[in-house]
There are 2 protein chains.
Amino acid sequence: MQHIPGDAAPTEDITMSRIQLRNRGRILDAALEVFSKHGFRGATLDQIADEAGLSKPNILYYFEGKEDIHVTLLDQLMDRWLAPLREVDPEGDPLEELMRYVHRKLEMSQEFPRESRLFANEILQGAPRIGPHLKRDLHPLVERTAALIQRWIDAGALAPVDPRHLIFSIWATTQHYADFEAQVGVLMDSTEVHSGARAHLDALFRRMLTP
Amino acid sequence: MQHIPGDAAPTEDITMSRIQLRNRGRILDAALEVFSKHGFRGATLDQIADEAGLSKPNILYYFEGKEDIHVTLLDQLMDRWLAPLREVDPEGDPLEELMRYVHRKLEMSQEFPRESRLFANEILQGAPRIGPHLKRDLHPLVERTAALIQRWIDAGALAPVDPRHLIFSIWATTQHYADFEAQVGVLMDSTEVHSGARAHLDALFRRMLTP
DNA sequence: ATGCTTTTTTACCAATTGGTAAAGATACGA
DNA sequence: TCGTATCTTTACCAATTGGTAAAAAAGCAT
């Protein structure tokens with residue numbers, strides 16, 4: 001009688017049946033596919049329903065609406081996306097910690113290109129739905145990391161760099177391989193992209209950061 | 001009697017009246033605004049008409065349809081976008097030529113953020129309309145430039161880099177400031193973005209490329 | 001002014017969109 | 001196996017979408 005799925009669940013899932021778990025999963029995966037390809041406004045519920053193998057009304061049984069699906073997707077994404085930055089260890093070797101971050105970001109771009117594109121789409125369109133999220137979660141995390149990098153620089157463990165711009169450059173170069181895949185694919189044989197990118201970005205940032 | 005504007009003009013404008021020139025300009029500018037914000041599928045003719053200060057049917061008097069506007073915009077853009085790469089001078093000083101390219105790309109990202117986002121949107125969505133254009137125009141240009149860079153490296157004038165990945169990194173880092181402006185704006189005071197980016201990218205690529 | 005062309009508006013479509021109501025089918029515990 | 005709660009389908013909407021037909025209004029050369 002309760003009909004949890006779509007209803008604005010205040011505390012979110014108290015319990016979810018196996019069917020609910022499976023279908024919500026299918027829907028979110030289908031939505032990731034469609035949203036990452038066409039952006040929020042360009043995606044349609046029909047496309048998502050088709051991709052998920054469910055009827056449109058059935059999808060609206062599990063989610064309150066198109067926006068609900070999109071927001072759920074972005075929320076889930078944020079955690080996974082910020083994790084590598086959180087794992088930068090203040091106690092580790094500065095250069096190796098940052099290089100590990102570069103490599104993890106590149107691997108994520110290669111392993112989760114749809115997620116990268118979903119995020120890119122949202123930011124491109126002015127971050128209308130994820131904006132507050134960025135301010136609340138991303139901003140303090142970047143501040144903390146920038147301060148850490150600055151301390152490392154002051155200690156002489158890294159070459160002097162603007163920490164925030166460095167972070168931007170890492171994001172830009174790694175995500176480029178996912179977000180601009182259609183362009184990269186035209187210009188390079190896709191077999192050599194992976195290893196080539198790894199070696200190149202390693203050299204680029206190692207040279208930049210070695211004192 | 002001829003009604004040139006929207007009609008599939010084979011050789012394009014033979015002559016265009018002042019009104020045609022003005023209104024086509026207005027429409028393309030409005031369309032750039034809307035397409036760059038919402039992508040092709042997310043943009044509507046009504047929005048474009050509104051932004052242009054013209055009625056929807058009037059817009060369809062000047063262009064064959066939504067797609068025609070989009071393609072026209074992308075065609076115009078490609079020339080401007082590829083110009084800096086074309087201007088890399090094989091006779092100039094290798095390092096300074098590439099640094100000049102970096103700075104020009106960054107300036108374009110700052111001066112024409114809408115164009116950058118229009119392009120990013122198109123690529124993100126798999127380059128459905130500009131794909132052939134990329135293969136025909138961009139690919140040979142990149143090949144040529146990559147070969148030039150390789151020659152410079154072989155001559156010992158540049159540090160050894162994968163030329164294509166270097167080009168990707170330049171594109172990624174410079175366009176990031178336009179395409180991800182919504183994110184950059186959350187993380188940095190917008191007054192320091194411009195000069196900071198310039199100094200940072202100069203250091204990044206100079207360090208990377210200096211033999 | 002006149003007659004012609006170019007431009008703009010008004011009044012429409014047919015298709016697609018996100019979303020709903022309610023009946024029907026299915027699972028599942030007692 | 002029965003009853004209840006969960007899940008799914010069918011049959012719809014109202015709003016928006018890209019686009020058209022045709023009349024009305026400007027321009028403009030003579």
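Below, the figures for the structure above:
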item	result
Residues (modelled with pLDDT under 95, closer than 30 Å to B:E181 by Cβ and among the small types (G, A, S)) located in the range B:13-35	none
Meets criteria (at pLDDT 95 or above, part of a helix (DSSP H, G or I) and over 23 Å from A:G185 (Cβ atoms)) for B:E107	yes
Some residue of the range A:59-81 being touching a Lys or Arg at 6+ places or on another chain (Cβ under 7 Å), more than 14 Å from chain B (Cβ to nearest Cβ), within 14 Å of DNA strand D (Cβ to nearest atom) and in a helix (DSSP H, G or I)	yes
Those residues of the range A:57-85 which are surrounded by fewer than 12 Cβ atoms within 10 Å (Cβ to Cβ) and more than 16 Å from DNA strand C (Cβ to nearest atom), in sequence order	A:D79, A:R80, A:A83
Boolean, B:A120 is facing chain A (nearest Cβ under 10 Å) and among the small types (G, A, S)	yes
Single match in A:H194, A:H133 (criterion: in a helix (DSSP H, G or I), surrounded by 15 or more Cβ atoms within 10 Å (Cβ to Cβ), more than 7 Å from every other protein chain (Cβ to nearest Cβ) and at pLDDT below 95)	A:H133
Residue check, B:P140 over 23 Å from B:G42 (Cβ atoms), more than 9 Å from chain A (Cβ to nearest Cβ) and not β-branched (V, I, T)	yes
Complete set of residues in the range A:188-211 that are under 15 Å from A:S109 (Cβ atoms) and β-branched (V, I, T)	A:V193
Total residues in the range A:155-191, condition within 7 Å of another protein chain (Cβ to nearest Cβ), among the acidic types (D, E) and closer than 24 Å to B:L134 by Cβ	1
Extreme residue, farthest from the other protein chains (Cβ to nearest Cβ), among residues of the range B:28-37 that are free of Cβ contacts under 8 Å to residues at least 40 places away in the same chain and surrounded by 18 or more Cβ atoms within 10 Å (Cβ to Cβ)	B:A30
Candidate set: the range A:153-191, residues that are in contact with a Pro (Cβ under 9 Å, 6 or more places away or on another chain) and not in a helix (DSSP H, G or I); chosen: the one surrounded by the most Cβ atoms within 10 Å (Cβ to Cβ)	A:L158
Residue within the range A:93-100 that is within 16 Å of DNA strand C (Cβ to nearest atom), over 20 Å from the mean Cα position of the chain (by Cα) and at negative phi present	no
Candidate set: the range B:37-56, residues that are near DNA strand C (Cβ under 10 Å from one of its atoms) and outside any helix (DSSP H, G or I); chosen: the one farthest from B:A182 (Cα to Cα)	B:S55
Matching entry among B:D50, B:D46, B:D93 (being surrounded by fewer than 13 Cβ atoms within 10 Å (Cβ to Cβ), within 16 Å of DNA strand D (Cβ to nearest atom) and farther than 22 Å from B:P140 by Cα)	B:D46
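The values are calculated or read from the model by the stated rules, or taken from the named source; none is laboratory data. Everything numeric here is computed off the predicted structure, so don't read it as measured data. Every residue, glycine as well, gets a Cβ built from its backbone with ideal geometry; the counts of neighbours run over all protein chains shown.
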